[in-house]
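Below is one structure, written out as structure tokens; comments come after it.
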Amino acid sequence: MQTSHVDQGNIQYNFEGQVVIVTGGTRGIGRAISEKFLEAKAHVVAIYRSNDEAANQFKSDLGDLGERLHLKKLDVCSYSDCEKFYNELDQQFENIHVLVNNSGIRRDNLLLLMKEDMWDSVIETNLKGTFNMTKFATQRFLKSKYGRIVNMSSIAGTLGLQGQANYSASKAGQIAFSKSVGKEVAKRGITINNITPGFVETELISDLPEKLVDEYKKQVPMKRFATTDEISVAVLFLSSREASYITGATVEIAGGLN
């Protein structure tokens with residue numbers, strides 16, 4: 001992993017008293033996002049799908065910060081499970097304030113070789129999961145007349161990448177979804193925005209062949225991949241009260257790749 005290129009010395013946020021939900025919040029970009037919110041004094045509900053060991057290790061690694069980390073094992077693809085999760089959360093916290101839809105999977109293949117389950121699983125997780133989590137969060141945001149939603153989309157949703165028709169479609173869907181929902185809830189103090197990272201140094205791309213990674217880096221004007229810190233600071237900004245007039249927007253963090 002490369003070292004951070006972000007100097008965060010003058011970037012400070014205060015989410016004290018706020019409750020933040022981060023799906024896919026224990027590994028990769030989601031882990032970095034969860035940690036930044038914890039450092040900004042929020043309570044973080046980090047959702048993960050299956051890896052208990054990684055989730056518990058994350059909490060252990062946080063030390064004292066881990067006291068405000070609440071782990072939840074949840075399949076965001078399941079509408080009924082998401083509804084149950086939010087009902088249980090109502091018993092734990094008076095309000096929630098931020099939702100970060102970060103859960104995402106890749107199952108790459110050329111269209112002619114792509115099996116139905118490869119398409120369905122990616123759309124279910126990346127797009128339906130966003131719908132499920134956002135619907136139930138928005139119900140609660142409407143009551144308090146405040147909320148921030150950030151979808152972790154991808155440059156694939158605007159650029160399109162070979163072998164990723166399913167992934168690109170799901171990420172483009174998140175962008176269109178946000179524009180529509182943003183118009184529906186804008187008057188109620190709720191914003192919904194997207195971040196479209198390019199290539200980021202995480203385990204999501206760890207299975208790519210080294211030769212392909214080198215080719216991708218050559219395509220990026222900055223000639224490197226982003227760090228998770230460079231993504232997480234943008235998430236905190238869009239989740240802040242200061243970002244009150246930004247909704248339905250897409251922030252591209254791709255090192256000039258477009």
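The values are calculated or read from the model by the stated rules, or taken from the named source; none is laboratory data. A quick note: this is a predicted structure, and the numbers were derived from the prediction, not measured. Cβ coordinates were reconstructed from backbone atoms using ideal geometry, including for glycine residues, and neighbour counts include every protein chain displayed. For the accessible areas, the whole protein counts, side chains as well, though only heavy atoms, and no ligand, DNA or RNA atoms are used. Shrake-Rupley method; radii C 1.70, N 1.55, O 1.52, S 1.80 Å.
Of the residues 145, 135, 218, 183, which single one is basic (Lys, Arg), over 13 Å from the mean Cα position of the chain (by Cα) and under 21 Å from residue 76 (Cα atoms)? Before the answer, list the steps.
Numbers: 145 fails: under 21 Å from residue 76 (Cα atoms); 218 fails: under 21 Å from residue 76 (Cα atoms); 183 fails: under 21 Å from residue 76 (Cα atoms).
Being basic (Lys, Arg), over 13 Å from the mean Cα position of the chain (by Cα) and under 21 Å from residue 76 (Cα atoms) holds for just one of 145, 135, 218, 183, which is 135.
Of all residues in the stretch 158-212, which are within 27 Å of residue 138 (Cβ to Cβ) and not in a helix (DSSP H, G or I)?
189, 190, 191, 192, 193, 194, 195, 196, 197
All but one of (1) modelled with pLDDT of 95 or more; (2) in contact with a strand residue (DSSP E or B) (Cβ under 8 Å, 6 or more places away or on another chain) hold for residue 117, so report the exception by its number.
Answer for residue 117: the failing condition is (2).
Only residues in the stretch 216-243 that are touching a residue at least 12 places away in the same chain (Cβ under 8 Å) and over 12 Å from residue 256 (Cα atoms) count as the first member; pair them with residues that are open to solvent by less than 30 Å² (accessible area, probe 1.4 Å) and among the aromatic types (Phe, Trp, Tyr), Cβ under 8 angstrom, at least 6 apart or cross-chain, and list the lot.
Going by the 8 Å Cβ cut-off, the qualifying pairs are 216/199; 216/225; 236/15; 236/37; 239/15; 239/37; 240/15.
So in the stretch 107-137, with the set limited to residues that are in a helix (DSSP H, G or I) and farther than 30 Å from residue 19 by Cα, which one is most open to solvent (accessible area, probe 1.4 Å)?
Looking at residues that are in a helix (DSSP H, G or I) and farther than 30 Å from residue 19 by Cα, I get 112.
Looking only at the stretch 32-54, count every residue that is closer than 23 Å to residue 226 by Cα, of a type in the set (Gly, Ala, Ser) and under 17 Å from the mean Cα position of the chain (by Cα) and tell me the total.
So the answer is 3.
So which residues in the stretch 186-199 are touching a residue at least 12 places away in the same chain (Cβ under 8 Å) and open to solvent by 10 Å² or more (accessible area, probe 1.4 Å), if there are any at all?
So the first thing to find is which residues in the stretch 186-199 are touching a residue at least 12 places away in the same chain (Cβ under 8 Å), and the list is 186, 188-199.
186, 188, 189, 198, 199 - these are the residues of the stretch 186-199 that are touching a residue at least 12 places away in the same chain (Cβ under 8 Å) and open to solvent by 10 Å² or more (accessible area, probe 1.4 Å).
Going by what's in this entry, would residue 129 be described as at negative phi and touching a residue at least 60 places away in the same chain (Cβ under 8 Å)? Quick ask: steps written out before the conclusion?
On the way: at negative phi: yes; touching a residue at least 60 places away in the same chain (Cβ under 8 Å): yes.
Yes, satisfied.
Identify the residue in the stretch 49-91 that is closer than 21 Å to residue 232 by Cα and of a type in the set (Lys, Arg) and, among all such residues, is most open to solvent (accessible area, probe 1.4 Å).
Checked the stretch 49-91; the qualifying residue most open to solvent (accessible area, probe 1.4 Å) is 49.
Name the single residue that is farthest from residue 197 (Cα to Cα) among those in the stretch 25-48 being out of contact with any strand residue (DSSP E or B) (no Cβ under 7 Å at 6 or more places or on another chain) and open to solvent by 20 Å² or more (accessible area, probe 1.4 Å).
Only one residue fits best here, namely 41.
Which residues, counting only those in the stretch 138-156, are part of a helix (DSSP H, G or I) and out of contact with any His (no Cβ under 9 Å at 6 or more places or on another chain)?
We begin by selecting, within the stretch 138-156, every residue part of a helix (DSSP H, G or I); these are 138-144, 156.
The answer is 138, 139, 140, 142, 143, 156.
Going residue by residue through the stretch 148-157, is there one that turns out to be surrounded by fewer than 19 Cβ atoms within 10 Å (Cβ to Cβ) and out of contact with any Cys (no Cβ under 9 Å at 6 or more places or on another chain)?
So in the stretch 148-157, the residues surrounded by fewer than 19 Cβ atoms within 10 Å (Cβ to Cβ) come out as none.
No, the stretch 148-157 contains no residue that is surrounded by fewer than 19 Cβ atoms within 10 Å (Cβ to Cβ) and out of contact with any Cys (no Cβ under 9 Å at 6 or more places or on another chain).
Can you report the number of residues in the stretch 159-183 which are touching a Lys or Arg at 6+ places or on another chain (Cβ under 8 Å) and open to solvent by 10 Å² or more (accessible area, probe 1.4 Å)?
Start the filter on the stretch 159-183 by keeping residues that are touching a Lys or Arg at 6+ places or on another chain (Cβ under 8 Å), which leaves 164, 166-167.
Those still in the list that are open to solvent by 10 Å² or more (accessible area, probe 1.4 Å) too: 164, 167.
The number of residues fulfilling the criteria is 2.
Can you tell me which residue is farthest from residue 37 (Cα to Cα) among those in the stretch 76-106 that are of a type in the set (Phe, Trp, Tyr) and part of a helix (DSSP H, G or I)?
The first filter runs over the stretch 76-106 and keeps only residues of a type in the set (Phe, Trp, Tyr), leaving 79, 85-86, 93.
From what is left, the residues that are part of a helix (DSSP H, G or I) are 79, 85-86.
Working: 79: 26, 85: 21, 86: 20 Å.
Residue satisfying both the conditions and the ranking: 79.
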